[in-house]
Amino acid sequence: MHVVTASDFEQWRNAARQCMLSNLAPEDVLWRDGREACPGLFDAFEKEPAPPRANQSHSPTVPRRFMELATYVACHRTPGRWPLLYRLLWRLTHETPHLLDIAADDDVLLAARWEKAVRRDAHKMKAFVRFRRIMEADVEHYIAWHRPDHYVVRLTAPFFADRFSSMNWSILTPDDSVSWNGHALMFGAGAPRSAAPADDQLESLWRTYYGSIFNPVRIKLKAMRREMPRRFWPLLPETTILDDLLQAAPARVQKMQSYAEGWEQSAIDFLPPQRDLNSLRAASSGCRGCPLYAPATQTVFGVGPPNAAIMIVGEQPGDEEDRIGAPFVGPAGQLLNQALVEAGLKREEVYLTNAVKHFKFEARGKRRLHKKPNRREVVSCRAWLESELAAVRPQVLVCLGVTAAQTLAGPMFRLSDQLGKIFATDFCEHTLATYHPAAILRSSPEGAGAKQQQLIADLRRAGAFVRKIN
Ligand code: URA
Ligand code: SF4
């Protein structure tokens with residue numbers, strides 16, 4: 001039994017794609033509802049924006065009507081929506097292409113009923129949300145509380161953004177919250193109480209939990225802080241809870257800050273009009289698509305021939321890569337070089353790059369310890385990798401380690417399931433995932449040998465595949 005968790009449509013779709021690729025029948029998949037797990041207020045701010053995936057539309061050969069239906073059904077509150085959708089998808093693709101026309105079918109009937117409930121609930125939300133005006137550092141902000149029956153906040157948010165485009169507003173619900181600052185929608189966790197707050201409680205709820213995150217004035221203040229030496233901070237005209245929060249829970253605040261700052265931009269905003277490798281490399285050096293650019297030395301873009309048959313994708317530059325400005329030049333790079341030689345490949349012939357282009361680290365004295373990029377950083381940065389893939393169009397794509405693989409194959413990807421296999425992703429028909437050389441370096445002496453052999457075998461497999469198809 002394969003256990004997968006989904007909280008929203010996007011996650012379900014990625015997971016369902018993986019399950020379909022692995023040919024898992026509906027009865028072989030146990031769907032868990034991520035919503036039921038009741039994420040904590042701040043954890044839920046880790047939630048991803050819908051990943052911008054330009055070339056996604058070609059992949060599912062399912063009717064558009066199903067995708068539309070699924071978008072609504074995914075917002076229904078019942079945990080049964082995930083297995084139902086997967087069953088429908090499976091039956092549509094394996095048994096009955098016109099399944100959706102069979103209105104008497106039990107699954108179709110149920111899906112139609114859930115879709116209707118969600119549509120009605122979304123409509124109700126649009127009609128009944130009432131905003132209350134508050135003043136926040138001389139800026140008007142409108143807040144509203146609503147309790148929808150289903151998870152319709154993301155569904156209805158564009159409507160409110162359109163309708164109230166020139167206002168700053170937030171809508172809080174027990175499940176989700178959404179804010180609009182005049183140019184972007186930001187989603188966050190639900191309001192932490194199940195009872196509808198009275199009007200004045202609503203204001204304090206907003207100030208305590210949401211104001212510091214969503215208010216554009218505050219976000220600007222945080223940016224000023226970063227630019228300003230610490231001793232001047234007390235002079236900033238900011239007196240409210242942000243200071244307490246800053247002292248009380250640095251890690252939490254850091255999360256919130258990266259949430260607030262990373263949200264509005266991604267690498268997409270920095271893509272140049274020309275998409276050849278030189279233009280891309282030049283533009284990437286100015287990327288501010290996520291907060292990782294700030295503490296790092298430089299952007300580390302990919303290197304290699306523009307027509308390479310093999311592209312190898314790692315996780316992110318390490319300490320040496322960050323200083324030198326080229327991928328795979330540190331210890332992991334040495335190990336990779338050796339593996340390439342043993343696999344009969346020439347380093348100059350492959351295109352080498354990373355899922356994330358800036359070094360993420362934690363300073364420990366003089367040392368800079370590698371930190372794994374989170375999903376949001378990976379998603380923010382993906383436009384560079386996608387552009388490299390589009391420019392190079394490799395015949396085989398080799399993902400080193402799970403970060404690279406999940407970047408391209410979705411967050412549900414498990415390395416152990418796919419080792420040694422060639423599979424298709426939206427980005428390359430022939431994708432392989434194998435161990436990361438840094439993981440081999442960290443392994444116990446007993447484990448390292450086998451992993452290294454696997455890496456070599458997979459690189460050799462990539463080379464053989466290229467020779468076979470040419
Ligand atoms: N590890 C990676 O994933 N990439 C590099 O460039 C170096 C180490
Ligand atoms: Fe841009 Fe990627 Fe660097 Fe973030 S990590 S700033 S998205 S290049």
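The values are calculated or read from the model by the stated rules, or taken from the named source; none is laboratory data. What you are looking at is a predicted structure, and each value in this text was computed from that prediction instead of being measured. When we count neighbours, we look across all protein chains shown, and the Cβ atoms used for this are built from the backbone with ideal geometry, even at glycine. Accessible surface areas use protein heavy atoms only, side chains included; no ligands, DNA or RNA. Shrake-Rupley method; radii C 1.70, N 1.55, O 1.52, S 1.80 Å.
Here are the numbers:
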| read-out | value |
| --- | --- |
| Segments classed as helices (runs of 4 or more DSSP H), wholly inside region 140-246, with at least 3 members that are modelled with pLDDT under 60 and among the charged types (D, E, K, R) | 216-227 |
| Residues being among the β-branched types (Val, Ile, Thr) and open to solvent by 40 Å² or more (accessible area, probe 1.4 Å) - total across region 408-435 | 1 |
| Pair list, Cβ < 8 Å and 6+ apart or interchain, from region 366-386 residues that are in the same structural domain as residue 311 (by TED's automatic domain parsing) to residues that are within 8 Å of ligand 2 (Cβ to nearest atom) and among the charged types (D, E, K, R) | 370/360; 371/360; 372/360; 373/360; 377/360; 381/357; 384/357 |
| Residue that is closer than 23 Å to residue 281 by Cα and touching a residue at least 60 places away in the same chain (Cβ under 8 Å), where the choices are 355, 326, 309, 343 | 309 |
| Residue that is farther than 19 Å from residue 201 by Cα and modelled with pLDDT under 95, where the choices are 122, 111 | 122 |
| Selection count, region 91-108, where residues are in a helix (DSSP H, G or I) and open to solvent by less than 80 Å² (accessible area, probe 1.4 Å) | 7 |
| Subset tally (residues that are within 16 Å of ligand 2 (Cβ to nearest atom) and open to solvent by 10 Å² or more (accessible area, probe 1.4 Å)) for region 325-337 | 2 |
| Subset tally (residues that are aliphatic (A, V, I, L, M), touching a Phe, Trp or Tyr at 6+ places or on another chain (Cβ under 6 Å) and over 24 Å from residue 65 (Cα atoms)) for region 99-146 | 2 |
| Residue match in region 381-396 (condition: within 16 Å of ligand 1 (Cβ to nearest atom), under 17 Å from residue 314 (Cβ atoms) and not hydrophobic (A, V, I, L, M, F, W, C)) | yes |
| Some residue of region 372-380 being of a type in the set (Lys, Arg), at pLDDT 90 or above, open to solvent by 10 Å² or more (accessible area, probe 1.4 Å) and more than 16 Å from ligand 2 (Cβ to nearest atom) | no |
| Matching entry among 308, 296 (being open to solvent by less than 20 Å² (accessible area, probe 1.4 Å) and within 16 Å of ligand 2 (Cβ to nearest atom)) | 296 |
